[in-house]
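The values are calculated or read from the model by the stated rules, or taken from the named source; none is laboratory data. Since the model is a prediction, treat every value here as computed from it, not as a measurement. Here Cβ is always computed from backbone atoms with ideal geometry, including for glycine, and neighbour counts include all displayed protein chains. Side chains included, ligands, DNA and RNA excluded: accessible areas come from the protein's heavy atoms. Shrake-Rupley method; radii C 1.70, N 1.55, O 1.52, S 1.80 Å.
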Amino acid sequence: MNVRAARGAIVVSRDAPEALHASTEKLLHALLDRNAIAHDDLISILFTVTDDLRSAFPAEAARRIGMGDIPLLCAREIPVEGSIPSVVRVLMHFHTDLALPAVTHVYLDGAERLRDDLDAAT
């Protein structure tokens, strides 16, 4: 087994707890599904949010879907001029047999433009 990390991001429709939680859950499920990650293979998850998202912690969404026993950390994204607003980013560490090039990074709901170097299907 190897230790790998998958990146992901999603644009949240509005700054409300239910919208932030729903978007975060969608992103987490996509990362888990696309990389075939079992709960027991998770190591930790780091979340960042842009300055305009203040209504809830994305880690709350992870706890709501059963990840309360996984180390979770939330932080603020660096407020770079011209950056995309309303974005939750995730860095998920996990154990896997996947080779490094096989790890799938997931960008959803407008966050795809953050990574023009990745296949648009991710």
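Remarks
- Qualifying positions in the range 12-25 - open to solvent by 70 Å² or more (accessible area, probe 1.4 Å) and over 18 Å from residue 85 (Cβ atoms): 18
- Hits in the range 50-66 (condition: in contact (Cβ under 8 Å) with a residue 24 or more places away in the chain and either within 26 Å of residue 100 (Cα to Cα) or part of a helix (DSSP H, G or I) (or both)): 58, 60, 61, 62, 64
- Test: residue in the range 64-74 that is touching a Leu at 6+ places or on another chain (Cβ under 9 Å) and within 16 Å of residue 12 (Cβ to Cβ): yes
- The condition (being assigned to a loop (DSSP other than H, G, I, E, B), open to solvent by 50 Å² or more (accessible area, probe 1.4 Å) and of a type in the set (D, E, K, R)) is satisfied by just one residue among 69, 33, 40: 69.
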